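Only one structure is covered here, and it is reproduced in the block below.
The values are calculated or read from the model by the stated rules, or taken from the named source; none is laboratory data. Keep in mind it's a predicted model, so treat the numbers as computed, not measured. Note that each Cβ is placed from the backbone with ideal geometry, even for glycine, and that neighbours are counted across all protein chains shown. Heads up: the accessible areas ignore ligands, DNA and RNA and are worked out on the full protein's heavy atoms, side chains in. Shrake-Rupley method; radii C 1.70, N 1.55, O 1.52, S 1.80 Å.
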Amino acid sequence: MITFKNLGLIDPIQKAVEELGYENPTPIQQQSIPQVLAGKDILGCAQTGTGKTAAFAIPIVQLLENGKTKNNKKSIKALIVTPTRELAIQIEESFADYGKHLPLKHAVIFGGVKQTPQVGRLRNGVDILVATPGRLLDLIGQNIISLKDIEYFV
């Protein structure tokens, strides 16, 4: 049986998944994590509740931490676009969980609220941005967000 320890995760991420109570990766995680860590593009499909977020978030966190990205410190390196505010918040919380023992910065942006706090967070620099399309396009149009340094896109 495959465990998270078999997937070659770095110690801080392994510690985080253990603290979350994860032992055995789901099929989507078993198939996706090694592929993303190897630098390959993937297209995955699985039912709700099967761990799709971990399947892409865990390897992205590891790749960012391993220094595979050497861009400007304030530039966004990973962009996750999702259709709803609720899902955006949930995904950003997952990045916080998996990367909690690492110095990576992450943020979530969505419409329906004032953009000022979100813009402040972006100006401080983030490695990982989770966004809904409307607010993302608004902030790109205002030249607050640049996509030029994106290395990982979900």
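Couple of notes before you dig in:
- All conditions in (1) in a helix (DSSP H, G or I); (2) out of contact with any strand residue (DSSP E or B) (no Cβ under 9 Å at 6 or more places or on another chain) hold for ILE2, with the sole exception of (1).
- Selection from the stretch 32-75 of residues that are at pLDDT 95 or above and of a type in the set (S, T, N, Q): SER32, GLN35, THR53, GLN62
- Within the stretch 15-50, the set of residues being closer than 15 Å to LEU63 by Cβ and not in a loop (DSSP other than H, G, I, E, B) comprises SER32, ILE33, PRO34, GLN35, VAL36, LEU37.
- Test: residue in the stretch 14-24 that is more than 26 Å from ARG123 (Cβ to Cβ), modelled with pLDDT of 95 or more and in contact with a strand residue (DSSP E or B) (Cβ under 9 Å, 6 or more places away or on another chain): no
- Picking from residues in the stretch 142-154 that are among the hydrophobic types (A, V, I, L, M, F, W, C) and touching a residue at least 40 places away in the same chain (Cβ under 8 Å), the one that is most open to solvent (accessible area, probe 1.4 Å) is PHE153.
- Screening GLY49 with (1) touching a Lys or Arg at 6+ places or on another chain (Cβ under 7 Å); (2) on the phi > 0 side of the Ramachandran plot gives one miss only, at (1).
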